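Structure record follows, encoded as structure tokens.
The values are calculated or read from the model by the stated rules, or taken from the named source; none is laboratory data. All values reported here derive from a predicted model rather than from experimental measurement. Using ideal geometry, Cβ is built from the backbone for each residue, glycine included, and neighbour counts are taken over all protein chains shown. Accessible surface areas use protein heavy atoms only, side chains included; no ligands, DNA or RNA. Shrake-Rupley method; radii C 1.70, N 1.55, O 1.52, S 1.80 Å.
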Amino acid sequence: MKRGQRKPSKSDSDVYGYAPPGNRNSESVSTSNVVVNHASRGGAAPVPNSIGQQQAVPSGAALAPAPAPTAAVESLPMFRDVPVSERQHLFFRKCQVCRFQFDFSDTLKMVREKEIKRLNLVELVDYVQSGSGKVTESNQEEMIQMISVNIFRCLPPSSHEHTGSENIETDEEEPYLDPSWPHLQLVYELLLRYVVSSDTDAKVAKRFINHSFVLKLLDMFDSEDPREREYLKTILHRIYGKFMVHRPFIRKAINNIFYRFIYETQRHNGIGELLEILGSIINGFALPMKEEHKLFLVRALIPLHKPKSIGMYHQQLSYCITQFVEKDNKLADIVIRGLLKYWPITNCQKETLFLGELEEVLEATQAAEFQKCMVPLFRQIARCLNSPHFQTAERALFLWNNEHIVSLIAQNRNVILPIVYEALENNIQSHWNQAVHGLTVNVRKMFQEMDFKLFEDCQKQYAEKQAHAKEAEQQRQLTWQKLVDAAGPHQIH
């Protein structure tokens, strides 16, 4: 889909804007034996549980009562095998069993207990999803505590922390796949089903899914496992839709993650997913737009163009930026000047991304806003036209394939042609790439047909400038020769 995110269909919920992720049934893959608690990846301290393993409890989290000590995880009956009157008590006991933590890096260890936990989680998911019985408030609290114990944990060190590598373009690296995912997935599924269930009363649930819970959920977006981030994205968006009281807090918390990423770490695995959520949120902003939202654009979204790792999330960022301009076209000048502020100087691949985003923004730009920024904009485009990197030059020339942009250029040709004429002539005379040469000839011809007199004036000015430059070069050579002659033949080596 255009700009990296599909538009919500009528079949989707109007509140949420997109369907749950499509890869939730993906196969679990265990590829790592490394399970490390690392200070920079969370502030949790390991606490022993009742079966000998250690479980990570996030800093600041209240410890829920631990299950009674037992030699093995207790096998429990299925919901359908007990009377309806006993199901709430069974629900509580299943949540207690699912608190147990295991070492999933060893596939041969405690196989029976792991399977019991898995079956109980499947039962809990089915029970909540089916709506066969309303879960009591005390059981809701117990369930959220169990979910917290399982998902809020220390994340293992990032790959660059293992190797010391500074390479942040990780597209070609294999993503880390958490060996505990078969169980984690069920826990996330349970949380998702609870949030989206029509039986879940937001007024009651907000006592358990509170600000502390949301902050810890946001911390998990730094997981390297893409399957986990996909679930987190969907769950957080559903929470945003259901719990209106949390909306300002969620936006502010995401802002803070962006600020830290931009100005401190420049490393975070979940920026793309957070931007996807914001893309849907921005889509629902009411007009006139609040000042808070405009500040978010200026202080967070535009500076996200600065980090070197922009390629990892640029598609989602471009969508968010364009949504702002489409909502309020008066923001076009702010956005374009912001792009120019962070325009890359030596990174040609990043420059090509910027040109693609610029085209999207210009498509939504009206003439009045275009005129405010066209001079610095086309000075930058002229530099891109002469880029020795053929993809950058080619992408800049492709702007003239867009009808709306060409119409804006045509309305302001008296200003724009004198800025870009020299760059066009330089390409025709000396650019090494044949495709760039051919595209430049087409653009030059377009300007010639647009306004022949203006084109001739620019041609004349260019010829005069070249003549002056040649004359200045000759004068410089003469001056140098006089110095050589004055120094004498034995002084110059």
Next on the checklist: Restricting to the range 101-115, give me the number of residues that are open to solvent by less than 40 Å² (accessible area, probe 1.4 Å) and under 17 Å from residue 125 (Cα atoms).
Outcome noted: 1
Item to check | residue 271, sole failed condition from (1) open to solvent by 10 Å² or more (accessible area, probe 1.4 Å); (2) modelled with pLDDT of 95 or more; (3) farther than 22 Å from residue 362 by Cβ | outcome: (1)
Checklist entry - Would you pick out the residues in the range 357-375 that are open to solvent by 20 Å² or more (accessible area, probe 1.4 Å) and under 18 Å from the mean Cα position of the chain (by Cα)? => result 360
Checklist entry - Do we have any residue at all in the range 312-331 that's of a type in the set (Gly, Ala, Ser) and in contact with a Ser or Thr (Cβ under 8 Å, 6 or more places away or on another chain)? => result no
Checklist entry - Residue check, residue 265 against (1) within 21 Å of residue 155 (Cα to Cα); (2) buried (at least 17 other Cβ atoms within 10 Å of the Cβ), all met but one. Which one? => result (2)
Checklist entry - Since residue 308 meets every condition but one in (1) basic (Lys, Arg); (2) over 28 Å from residue 374 (Cβ atoms); (3) more than 20 Å from the chain's Cα centre (by Cα), which condition does it not meet? => result (3)
Item to check | Count - residues of the range 397-411 that are open to solvent by less than 50 Å² (accessible area, probe 1.4 Å) and touching a helix residue (DSSP H, G or I) at 6+ places or on another chain (Cβ under 8 Å) | outcome: 9
Checklist outcome for this item: From the option list 381, 428, single residue qualifying as part of a helix (DSSP H, G or I) and closer than 22 Å to residue 334 by Cβ is 381
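To keep it simple, each residue is scored yes or no on (1) touching a Ser or Thr at 6+ places or on another chain (Cβ under 9 Å); (2) at pLDDT 95 or above; (3) within 23 Å of residue 317 (Cα to Cα).
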position: 209; (1), (2), (3): no, yes, no
position: 217; (1), (2), (3): no, yes, yes
position: 224; (1), (2), (3): yes, no, yes
position: 232; (1), (2), (3): yes, yes, yes
position: 249; (1), (2), (3): no, yes, yes
Checklist entry - Do we find a residue being touching a Cys at 6+ places or on another chain (Cβ under 8 Å) and either over 25 Å from residue 428 (Cβ atoms) or hydroxyl-bearing (Ser, Thr, Tyr) (or both) anywhere in the range 370-381? => result no
Next on the checklist: Going residue by residue through the range 274-293, is there one that turns out to be open to solvent by 10 Å² or more (accessible area, probe 1.4 Å), acidic (Asp, Glu) and under 27 Å from residue 224 (Cβ atoms)?
Outcome noted: yes
Checklist entry - Quick check: anything in the range 412-422 at pLDDT 95 or above, surrounded by 10 or more Cβ atoms within 10 Å (Cβ to Cβ) and not in a helix (DSSP H, G or I)? => result yes
Item to check | Pick from the range 423-470, criterion aliphatic (A, V, I, L, M) and more than 43 Å from the chain's Cα centre (by Cα), ranking: surrounded by the most Cβ atoms within 10 Å (Cβ to Cβ) | outcome: 454
Next on the checklist: For the range 107-125, give me each residue that is in contact (Cβ under 8 Å) with a residue 24 or more places away in the chain and not polar (S, T, N, Q).
Outcome noted: 110, 112, 113, 114, 116, 117, 118, 121, 122, 123, 124, 125
